[in-house]
1. Here's a check for you: in the range 126-180, which residue that is under 30 Å from Asn289 (Cα atoms), in contact with a His (Cβ under 8 Å, 6 or more places away or on another chain) and not hydroxyl-bearing (Ser, Thr, Tyr) is surrounded by the most Cβ atoms within 10 Å (Cβ to Cβ)?
2. Tell me the strands (runs of 3 or more DSSP E) entirely within the range 188-247 that contain at least 2 residues that are without any contact (Cβ under 8 Å) to a residue 12 or more places away in the chain, open to solvent by 10 Å² or more (accessible area, probe 1.4 Å) and touching an Asp or Glu at 6+ places or on another chain (Cβ under 6 Å).
3. Give the residues of the range 1-40 that are small (Gly, Ala, Ser) and farther than 19 Å from Pro316 by Cβ, sorted by residue number.
4. Cβ contacts < 8 Å: first residue within 20 Å of His299 (Cβ to Cβ), restricted to the range 259-285; second residue open to solvent by 40 Å² or more (accessible area, probe 1.4 Å) and of a type in the set (S, T, N, Q), any location; separation 6+ or different chain. Result?
5. Suppose we filter the range 308-354 for residues that are assigned to a loop (DSSP other than H, G, I, E, B) and not acidic (Asp, Glu); how many remain?
6. Among the residues of the range 299-307, are any without any contact (Cβ under 8 Å) to a residue 40 or more places away in the chain and under 15 Å from Leu338 (Cβ atoms)?
7. Return the pair list, or none, for Cβ contacts closer than 6 Å from residues in the range 17-39 that are at positive phi to residues that are aromatic (Phe, Trp, Tyr) and open to solvent by 30 Å² or more (accessible area, probe 1.4 Å), at least 6 apart or on different chains.
Amino acid sequence: MHNLDHKIHDALKTGTVIPAHPLALTAERKLDERRQRALSRYYIASGAGGLAIGVHTTQFAIREPRVGLFEPVLRLAAEEMDRADKVRDVPLVRVAGICGKTAQAVSEARLLRDLKYHVGLLSLAAVKDLDDEALIGYCREVAAILPIMGFYLQPAVGGRVLSHGFWRRFVEIENLVAIKIAPFNRYHTLDVIRAVAEAGHEIALYTGNDDNIVMDLLTPYAFQVGDEKRELRIVGGLLGHWAVWTKRAVELLKECHSLARANQPVPQSMLRKSIQVTDCNAAFFDTANNFAGCIAGLHEVLRRQGLLEGIWCLDPPETLSPGQKEEIDRVYRAYPELNDDQFAREGRDAWLKP
């Protein structure tokens with residue numbers, strides 16, 4: 001049994017767009033509060049159903065004592081979601097990242113609870129050397145404080161391979177409400193979904209596979225469990241990729257939901273779009289350089305839209321890779337229908353108001 005408000009639970013279960021929220025910095029690499037708020041307002045205006053803060057896209061270094069931005073950026077996003085929720089029927093789903101060894105993870109979970117966040121996205125990167133038994137214990141300890149979203153993180157950016165056996169035990173954790181599946185690997189994706197199907201629990205599945213977004217959302221995952229055939233779907237996305245061109249992401253998810261409900265063959269146009277989205281992601285995430293410029297790539301798109309002033313990251317060497325700007329130019333030219341620049345232009349001044 002989970003401790004989640006039924007409206008939030010229903011929103012998660014139905015499936016929504018949850019952008020992984022970037023960090024807006026000044027040229028001096030200090031928090032740009034005005035633009036940080038503007039980003040939240042852009043996502044909410046785009047139709048996103050929630051925000052994810054304090055995650056990889058927000059830069060993990062916000063937690064370092066010398067930076068001290070973890071709580072401030074969580075508070076800013078919470079204030080913007082408070083403002084938006086006053087005029088919404090369905091409240092925004094408030095997700096924030098949790099990471100670190102047990103003491104840090106527990107402390108972060110308590111802070112999220114105090115700040116009225118609904119769900120903690122639990123990264124296992126800091127404890128990836130633990131065996132499965134100890135990992136499950138770690139997750140249970142955090143879930144005792146706050147509902148959690150599990151997180152299968154790809155090894156290229158700090159995750160580890162987790163067996164089907166691990167996930168089969170993981171899905172039995174009380175207060176687990178969703179799983180973000182982001183191993184960038186179809187076999188590993190199946191391990192998670194099969195474990196959920198076998199358990200028979202109501203756990204919302206979200207894609208974090210930025211290399212396979214559209215197909216993840218369109219695919220029915222069917223498994224034989226005893227005498228019963230169980231079919232599950234990935235219902236939404238918590239994605240760094242959806243931190244840009246977010247209005248288009250919202251339209252895309254609606255289209256995928258509509259096709260899933262109709263249970264008809266997937267049109268060729270969606271198969272084409274799947275590849276186009278993946279091609280854009282390769283440019284934004286800098287796959288040519290093993291994701292080195294993935295955060296700066298998102299910043300560059302937001303800079304072009306006037307939402308960010310520059311592409312600065314907390315770590316000065318973290319910037320666009322050689323050739324990455326040209327790759328972003330290329331996908332802009334190739335797929336003009338996928339950007340939401342016009343929408344951003346029309347709303348930007350209002351979002352940037354203090």
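1. By that ranking, first place goes to Leu162.
2. Output list is empty.
3. Of everything in the range 1-40, those that are small (Gly, Ala, Ser) and farther than 19 Å from Pro316 by Cβ turn out to be Ala11, Gly15, Ala20, Ala38, Ser40.
4. Pairs found: Asn281/Thr287.
5. So the count comes out to 18.
6. yes
7. Arg29/Trp312
Residue-by-condition table, conditions (1) among the polar types (S, T, N, Q); (2) under 21 Å from His257 (Cβ atoms); (3) modelled with pLDDT under 95:
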{"site": "His2", "(1), (2), (3)": "no, no, yes"}
{"site": "Ile8", "(1), (2), (3)": "no, yes, no"}
{"site": "Pro22", "(1), (2), (3)": "no, no, no"}
{"site": "Leu25", "(1), (2), (3)": "no, no, no"}
{"site": "Glu28", "(1), (2), (3)": "no, no, no"}
{"site": "Leu31", "(1), (2), (3)": "no, no, no"}
{"site": "Arg35", "(1), (2), (3)": "no, no, no"}
{"site": "Ile44", "(1), (2), (3)": "no, yes, no"}
{"site": "Leu51", "(1), (2), (3)": "no, yes, no"}
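The values are calculated or read from the model by the stated rules, or taken from the named source; none is laboratory data. Values in this document were obtained by computation on a predicted structure and should not be read as measured data. When we count neighbours, we look across all protein chains shown, and the Cβ atoms used for this are built from the backbone with ideal geometry, even at glycine. What goes into the accessible areas is simple: the full protein's heavy atoms, side chains included, and nothing from ligands, DNA or RNA. Shrake-Rupley method; radii C 1.70, N 1.55, O 1.52, S 1.80 Å.
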